Structures are given as structure tokens and as C-alpha cells.
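The values are calculated or read from the model by the stated rules, or taken from the named source; none is laboratory data. Worth saying up front: this structure is predicted, and the values here are computed from it rather than measured. Glycine gets a Cβ as well: all are built from the backbone with ideal geometry, and neighbour counts include every protein chain shown. SASA here: full protein model, heavy atoms, side chains in, ligands and nucleic acids out. Shrake-Rupley method; radii C 1.70, N 1.55, O 1.52, S 1.80 Å.
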Amino acid sequence: MFTDYKGVKLEQPIFYNNKFGLRFEIGPSDIDIYKGAATRGFNEAYFDTALIRALSIFEEIFNEDDDVSIIYQVNLNRRNRIRKSNFIFKQIKDVEKREVVCTKYRSLDTEYYDCISYRMNKTVISGIKTKDINVKNIFVDLINTDFGTRNPLLKGRCLLVNHTRALVLDLYDDRGMDIVALKKSTLNSLYETHLEFILDYDRKRIDEVYSKPKQ
């Protein structure tokens, strides 16, 4: 079971539980989510831009031949059982040939509370290369997480663990994406190339770690 990976902590929220990490704003703040108050229809430009941002970040830190695992977890109840018909399994080439481990565990929410825990179903799918995963489809689902009337819609949380680079990607919904790594050097280039998308709420903290001192 993946509790951590090579010193990278996987307990949520992974950004605050790790020394080296980046937080990105995925949903563009300058584009409205809805077309207008009258229709409340979705503004597809918002979701398209969010997807482009997420894929741009992903493509910089995942090469097609990197060794990857997918961790998919949902709250533990009868309706949230993880079955082989689950959307995640369908996004992996030759999934029947992969190593799949299912477990149950208790997760402590430390982002907003100190003592609230949740029972979770967790599935870890290993023995995958980046090129074996339809990442675009997974990202579309994750971006739709907070919008129950949009499809496709993925219930739960999905982490991508890059074993080759010792880093973890967590696109938690349309609001943002966390990237954490064992080494600071792993994320230096990503910080520089995607500086404009750093989440303002944590920008000061991130800049203190990654920004170069002025000469």
C-alpha cells in the first residue's frame, strides 16, 4: 500500500505534507465558469483552458517511457466500491496485465481540521508507462469533479506517481494541481516555465523555495 513513496508523503493535502512542492491554478480566474446568470450554462472556454494548463504541466514532468503508478481512492461506502468497470481502469492500456492492489485505510484531513478522518477505498495500479495512460480523459474527469451535471465525472481522487522522477501529481479538481517531489531540483524547471500559473494563495511560500536570489 502506498502510504508514501521514497520519502514523498501521499497523505492529503500532499503539498503541505512535503518539503518540496508546487501548487498551480488550473481553472483560469479571468474566464467565467458559466455563460451567464440567466442560462447558467457552462462556459466551455473555462474548462478547455483548464485542461490545456493541466496537460502542459503534466507533459513537462512526465516522459512517455517513465514508470508510473496510479492511485485512485474514494470514500468507503457501498456505492463507492472500486470495480473493474471503473472509468480509471478503462484509461489504461492492457490493464489486465498490470499489478492492481486494493486496500482500505483511514485518511486524516489535516488541511482544515485536526481530528476528522475518513475511511477510504484505495486502488493502486502499477507497472505502467506514461504512454499507457489516457491522461487527457482522466484530467477531463478530474476537472469536472465539482460539477455534478458535467460528464464524464470521476468520483474520488486520483494521484499519478512518477517512479522515474520520484514525484507525485495531484489534480484535485478544476481549482488546482499539486506537484510534490523528493528533491527540489526535480521541480526547478517546472517552476520557471509555469510561474504565471502558481496559485497566489501559496505563491509567497513557493517563491521562497524556488525563486533565484537577485544578483
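Of the residues Leu160, Leu153, which is in contact with an Asp or Glu (Cβ under 7 Å, 6 or more places away or on another chain) and not in a helix (DSSP H, G or I)?
Residue meeting the stated conditions: Leu153.
Every residue in the range 152-188 that is aliphatic (A, V, I, L, M), open to solvent by 50 Å² or more (accessible area, probe 1.4 Å) and over 18 Å from Val74 (Cβ atoms), please.
The answer is Leu182, and nothing else.
State whether the residues of the range 185-201 include one that is within 23 Å of Ile70 (Cβ to Cβ) and in a loop (DSSP other than H, G, I, E, B).
Checked against the condition, which is being within 23 Å of Ile70 (Cβ to Cβ) and in a loop (DSSP other than H, G, I, E, B), the range 185-201 yields at least one hit.
Please find, within the range 50-76, the residue that is farthest from Tyr5 (Cα to Cα) out of those that are polar (S, T, N, Q) and touching a strand residue (DSSP E or B) at 6+ places or on another chain (Cβ under 8 Å).
That would be Asn75.
Where residues in the range 51-91 are under 12 Å from Lys122 (Cα atoms) and in contact with a helix residue (DSSP H, G or I) (Cβ under 6 Å, 6 or more places away or on another chain), which of them is modelled with the lowest pLDDT?
Val74
Considering Ile52, Ile31, which residue is open to solvent by 50 Å² or more (accessible area, probe 1.4 Å), among the β-branched types (Val, Ile, Thr) and free of Cβ contacts under 8 Å to residues at least 60 places away in the same chain?
Ile52
Scan the range 193-207 residue by residue and report those that are acidic (Asp, Glu) and open to solvent by 100 Å² or more (accessible area, probe 1.4 Å).
Glu196, Asp200, listed by residue number.
Criterion first (among the hydroxyl-bearing types (Ser, Thr, Tyr), at pLDDT below 95 and open to solvent by less than 10 Å² (accessible area, probe 1.4 Å)) does Thr123 satisfy it?
Considered against the rule, which asks whether it is among the hydroxyl-bearing types (Ser, Thr, Tyr), at pLDDT below 95 and open to solvent by less than 10 Å² (accessible area, probe 1.4 Å), Thr123 comes out as yes.
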